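See structure below.
The values are calculated or read from the model by the stated rules, or taken from the named source; none is laboratory data. Keep in mind the model is a prediction, meaning the values are calculated, not measured. Every residue, glycine among them, receives a Cβ derived from its backbone with ideal geometry; neighbour counts consider all protein chains shown. The protein model used for the area step is the full one, side chains on, heavy atoms only, and it has no ligands, DNA or RNA in it. Shrake-Rupley method; radii C 1.70, N 1.55, O 1.52, S 1.80 Å.
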Amino acid sequence: MASKTGAASVVLIPGDGIGPEITDAVLEVLDAAGAGIRWVPCKAGLAALEDGGDVLPESTIEAIEHHRVALKGPCTTPVGEGFASVNVQLRKHFDLYAAVRPVRSLPGVPTRFENVDLIIIRENTEGLYSGVENEVVPGVVMSMKVATERGCERIAHWAFRFATQRERQKITVFHKANIMKMTDGLFLRASDHAHKREYPNIDYETAIIDAGCMRLVQNPSQFDILLLENLYGDVVSDLCAGLVGGLGVVPGANFGEDAAIFEAVHGSAPDIAGKNVANPLALLMSAVMMLNHLAEERTEFGAVAERIKRAYDQALNDGEKTRDLGGSLNTDQFAKAVIDRL
Ligand code: ATP
């Protein structure tokens, strides 16, 4: 975290797949912008396993406990078998219950809709990510969806407080409380209460998630902040990424009371790893969110964040884009295009 003087210390986890190459690109930009970060490199995921350690080494946990802020590349999550997701383990360990994912239209990235400006707030620790799965009898397996009053109330309050601080107009809760009357019902009631009792000035609506998704792809501008439980937040984040150019352009932050971890919404993209073609922008935008977080204690980080944001907006506007956005730049070439515009 930022001390009052000198460089701020931030844990750096490059991650797996495209993680190391996009991390290198982001570090180059932050360095060129004079961000003044003292990086504390740590391992997690496959990279840590290959090093002979645990997927989430104790030394990485201790470093985050100490420094309280981390920038993290994606960690590969095996499908169907193998170790539990490192991303989920970190969110649970540090109780990072609020995930924030801003989704906005970018200059020079034409998509079906213009002026998309959404913020997704995802409850990050409960729901079907409880990790409680078992075989009831051979051939019958189950996964437990968990919602707690404490968990639902704190994310509802967090979302309304965030909306108030950021001067956003409206919160829409997506739910399926018509079917999951207890779990989604609790989530919905907690949001209703927070609105009625403490934040009546923020516009508020609720939508059953299936209908809500249809409305999202018809006209995303009707929404402002979306508040969702864990799994819905995961799915809708990727859907919304598709509205503004894809996974290469949506950043994220995970907040708890004692730590914050900044990471892109996308995964480790093994299909393009090691080819120097991945878009580093989502991680760079996550780093900008991190600088704005550090700016809460040291305002100078806010100016650096703004410079970097202006530089990548300008690069995109000038047609400097990676392949996922229809351009031809490699990962490092895009970083250079941003640096040239700082
Ligand atoms: P994981 O198992 O880590 O979740 P994945 O490949 O299943 O990895 P993502 O990493 O989210 O899931 O990738 C989904 C698709 O989007 C892939 O085809 C990938 O190449 C593409 N993609 C994801 N991130 C980027 C990026 N930063 N730049 C370019 N393409 C990306």
Restricting the search to segment 247-282, which residues are among the polar types (S, T, N, Q) and near the ligand (Cβ under 7 Å from one of its atoms)? 268, 279
Number of the exception - residue 293 against (1) within 10 Å of the ligand (Cβ to nearest atom); (2) open to solvent by 20 Å² or more (accessible area, probe 1.4 Å): (1)
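This table checks each residue for (1) surrounded by 17 or more Cβ atoms within 10 Å (Cβ to Cβ); (2) of a type in the set (A, V, I, L, M, F, W, C); (3) assigned to a loop (DSSP other than H, G, I, E, B); (4) not assigned by TED's automatic domain parsing to the domain that holds residue 254.
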site: 155; (1), (2), (3), (4): yes, yes, no, yes
site: 159; (1), (2), (3), (4): yes, yes, no, yes
site: 162; (1), (2), (3), (4): yes, yes, no, yes
site: 181; (1), (2), (3), (4): no, no, yes, yes
site: 186; (1), (2), (3), (4): yes, yes, no, yes
site: 191; (1), (2), (3), (4): yes, no, no, yes
site: 197; (1), (2), (3), (4): no, no, no, yes
site: 200; (1), (2), (3), (4): no, no, yes, yes
site: 204; (1), (2), (3), (4): yes, no, no, yes
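This table checks each residue for (1) in contact with an Asp or Glu (Cβ under 6 Å, 6 or more places away or on another chain); (2) within 22 Å of residue 317 (Cα to Cα).
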site: 59; (1), (2): no, no
site: 66; (1), (2): no, no
site: 72; (1), (2): yes, no
site: 80; (1), (2): no, no
site: 99; (1), (2): no, no
site: 108; (1), (2): no, yes
site: 117; (1), (2): no, yes
site: 120; (1), (2): no, no
site: 123; (1), (2): yes, no
So, in segment 79-136, of the ones that are within 16 Å of the ligand (Cβ to nearest atom) and out of contact with any helix residue (DSSP H, G or I) (no Cβ under 9 Å at 6 or more places or on another chain), which residue ends up nearest to residue 225 (Cα to Cα)? 87
So in segment 319-342, with the set limited to residues that are assigned to a helix (DSSP H, G or I) and either open to solvent by 60 Å² or more (accessible area, probe 1.4 Å) or touching a Ser or Thr at 6+ places or on another chain (Cβ under 6 Å) (or both), which one is farthest from the ligand (Cβ to nearest atom)? 340
Please verify whether segment 211-224 includes one or more residues that are buried (at least 17 other Cβ atoms within 10 Å of the Cβ) and of a type in the set (Val, Ile, Thr). no
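With the condition kept exactly as written, say whether any residue in segment 90-110 is within 30 Å of residue 321 (Cα to Cα) and exposed (fewer than 13 other Cβ atoms within 10 Å of the Cβ).
yes
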Among all residue pairs at least 6 apart or on different chains, which show Cβ distances below 8 Å where the first residue, located in segment 189-205, is within 16 Å of residue 166 (Cβ to Cβ) and without any contact (Cβ under 8 Å) to a residue 40 or more places away in the chain and the second is open to solvent by less than 40 Å² (accessible area, probe 1.4 Å) and among the hydroxyl-bearing types (Ser, Thr, Tyr)? 204/172; 204/191
What single numbered condition from (1) in a loop (DSSP other than H, G, I, E, B); (2) among the small types (Gly, Ala, Ser); (3) within 19 Å of the chain's Cα centre (by Cα) fails to hold for residue 177? (3)
Only one of 168, 189, 215, 197 is within 28 Å of residue 131 (Cβ to Cβ) and either more than 16 Å from the ligand (Cβ to nearest atom) or among the charged types (D, E, K, R) (or both). Can you tell me which? 189
Quick check, is residue 238 among the acidic types (Asp, Glu), within 15 Å of the ligand (Cβ to nearest atom), under 30 Å from residue 219 (Cα atoms) and surrounded by fewer than 21 Cβ atoms within 10 Å (Cβ to Cβ)? yes
Quick one: residue 276 ticks every box in (1) without any contact (Cβ under 8 Å) to a residue 40 or more places away in the chain; (2) at positive phi bar one, so which box is it? (1)
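Quick one: which residue in 130, 143, 85 is surrounded by 15 or more Cβ atoms within 10 Å (Cβ to Cβ), over 30 Å from residue 313 (Cβ atoms) and in the same structural domain as residue 213 (by TED's automatic domain parsing)?
Selected residue: 130, the only one of 130, 143, 85 that is surrounded by 15 or more Cβ atoms within 10 Å (Cβ to Cβ), over 30 Å from residue 313 (Cβ atoms) and in the same structural domain as residue 213 (by TED's automatic domain parsing).
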